[in-house]
Each structure stands twice: as structure tokens, then as C-alpha cells.
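J.: Take a look at this one; I'll ask things after.
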Amino acid sequence: MIRKRRKPLKKKVIDVQINKESCREKILEFDIRRTIILNMYIKEWSMPEYRVIMTKPEIGVYIEIYYFPSINDNIPARFATVGLSNSIRKTGKPIETEWMLALKPDLGQENIDRIFTYFCDLIAHNIENIKSSGVPRVMTESTLAPENWTTKALLIDELRGESEDLEEIKIGEEVISVLWVVPITPKEAYIILQEGIDAFDAYIENHQHSIIDPTRPDK
């Protein structure tokens, strides 16, 4: 048998730096958080189409919002956050929840950019002004809501109509909840505030329009 002499390894032609990062470093920690949460979203809703990023470095806010388009007329479109759970309120406590907004495929006759802007406004208000993530929570009628929507108020509640796997997501020792952001009409906000969430559920059950239709009549 003739053995060929191995060629000596050539000197590296690419000069690279290899850095080891602790999993507690903020950038890598967020990468891990994104991987886990986004994987859960994709598993349920398929691939996202767009993403926007909210940042406010002075208070450590870095939030990604993903748009998951409807794949047919029977499947809602969704907007969902990654990183809201890691944001810090003025109280010094992390929010510990992510948000999901589900809409009819036509997005209530609004464009994606307009809804992204509205969702970002809601998130910023939540970080700046709300002291806890307790639900249900009602935000009354606001001029920030998209112009074509009749649902100018907002309900934040436990996730419904989605996979149970999304209700709580474990990231290491941390368990975060995904909350449902629901545009509601001024009348519906009044029902919740005066009669409670059960009365609202009964009202919606008898409504001819879907709860994810942001243009439903306010009557």
C-alpha cells in the first residue's frame, strides 16, 4: 500500500476573533428569548412576514413586533411581541408578558404600517403608565386607534382561542404569559367596567360580528 503524505495545513487566510459570551449578557439573553418565543409563534401561525423594532435604550427597552399574515379567509392575521416580557416598568419590575393582537384578514380596512404604529403606541403607554400586568384591563376610547375602526377602546385579557402552549412560555426559570390585546367598542368597554368580563363575554357571544372584527358596529 502506498501512503500519500498529508499536505501540511496552510496558515489561516481569514483572521477572525472568537469571543465567548455569558448567557446572562443582555444581547445573548435576548437572542435566546427570541428563539424560544418566536419558535412557539411560528409553530402555531407559520412564518411572519414583517417585523418592526421598538427601542428606548435609556430605559432598556428593546421589543420586536412580528406580523403573521392570514393564510386564508378563515384564519386571523396576528401581531405579536417578542421582548415586551423583558421590559421594565417604572416600578422597576419586568412586565413578564408578551402581547398578541388577532384581526380579521382584511385588518379592519387598515394597512399594516398603521396597525404597527398603533400597537407600538399601546406598548409605550403600557410601559410608561401601567403598574401591573393584571387582567382583565380596559383602556377607554382613544384617538390613537386606527381611523377606520369602530373599536377605539381596548381590552387586555388572558389568551383565548389559541393553543394552550402559548398561554405560558418557559424561558429558563422564568415563565411568561402571552396576553390577548382586543380592540373593543366604547359600549363594550362600558359593559366590562360596569358589569364585568362575564357580561362582555355574553354580549359578544350574541353579537353577529366576530370579536376580531375591529369594524363591528358599536351597538
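The values are calculated or read from the model by the stated rules, or taken from the named source; none is laboratory data. Only a predicted model underlies this, so the values are computations on that prediction, with no experimental measurement involved. A quick note on method: Cβ atoms are made from the backbone with ideal geometry, for glycine too, and the neighbour counts reach across all protein chains shown. With ligands, DNA and RNA removed, areas are computed over all heavy atoms of the protein, side chains included. Shrake-Rupley method; radii C 1.70, N 1.55, O 1.52, S 1.80 Å.
J.: So what is the relative contact order for the chain, in percent, with contacts set as C-alpha pairs under 8 Å and at least six apart?
T.: Dividing the mean separation by the residue count of the chain yields 15 percent.
J.: Connecting C-alpha atoms closer than 10 Å in a GNM of the chain, tell me which of ILE184, ILE112, ILE65 has the biggest fluctuation.
T.: Maximum fluctuation in the GNM of the chain, among the listed residues, is at ILE112.
J.: How far is it, in nm, from the label point at TYR190 to the one at MET47 when both lie 7 Å from their Cα along the line to the Cβ?
T.: 4.7 nm
J.: Now, a different point. Please state the shape class of region 69-185: rounded when a/c is under 1.5, otherwise prolate if a/b exceeds b/c and oblate if not, all from the C-alpha gyration tensor.
T.: oblate
J.: Considering every Cα-Cα pair within the chain, what fraction, in whole percent, is farther apart than 25 Å?
T.: 45 percent
J.: Now for a separate question. Given Cβ point charges of +1 (Lys, Arg) and -1 (Asp, Glu) and nothing else, what value in debye, to the nearest 20, does the dipole of region 52-103 about its Cα centre take?
T.: Rounded to the nearest 20 debye, it is 240 debye.
J.: A follow-up question, please. Ignoring any ligand, DNA or RNA, what whole percent of the accessible area of the chain comes from carbon and sulfur when the probe is 1.4 angstrom?
T.: In the chain, the share of accessible area belonging to carbon and sulfur is 50 percent.
J.: Tell me, what HN-Hα J-couplings in whole Hz come from the Karplus equation 6.51 cos²θ - 1.76 cosθ + 1.60 at θ = phi - 60° for each residue of region 85-100, using x for Gly and Pro?
T.: Whole-Hz 3J(HN,Hα) from phi for region 85-100: 4, 8, 6, 10, 6, 5, 6, x, 9, x, 6, 6, 9, 10, 10, 9.
J.: Another question, then. Only four residue types carry charge here, +1 at the Cβ of Lys and Arg and -1 at the Cβ of Asp and Glu. Report the dipole size of region 48-187 about the Cα centre in Debye, rounded to the nearest 20.
T.: In debye, rounded to 20, region 48-187 gives about 480.
J.: Provide the per residue accessible area, probe 1.4 Å, for region 135-219, rounded to a whole number of square angstrom.
T.: Spelled out: the 1.4 Å probe surface of region 135-219, per residue, equals 52 Å².
J.: Moving to a separate point now. Say we join alpha carbon atoms closer than 10 Å with springs in a Gaussian network model of the chain; which of LEU103, LEU38, LEU144 then has the biggest fluctuation?
T.: In this elastic network of the chain, the residue with the biggest mean-square fluctuation among LEU103, LEU38, LEU144 is LEU144.
J.: What spacing in nm lies between the two simple spin-label points modelled at TYR203 and GLU164, each 7 Å away from Cα in the Cβ direction?
T.: 3.1 nm
J.: Follow-up. Of the candidates SER133, SER46, SER163, which one comes out as most mobile in a Gaussian network treatment of the chain with C-alpha springs shorter than 10 Å?
T.: Judging by the Gaussian network model, the answer is SER163.
J.: Along each of the three principal axes of the Cα atoms of region 51-106, give the extent in whole Å, ordering the values from largest to smallest.
T.: So the extents along the principal axes, rounded to whole Å, are 42, 17, 12.
J.: So what does LYS187 come to for accessible area, using a 1.4 Å probe and Å² rounded to 10?
T.: Approximately 90 Å² for this residue.
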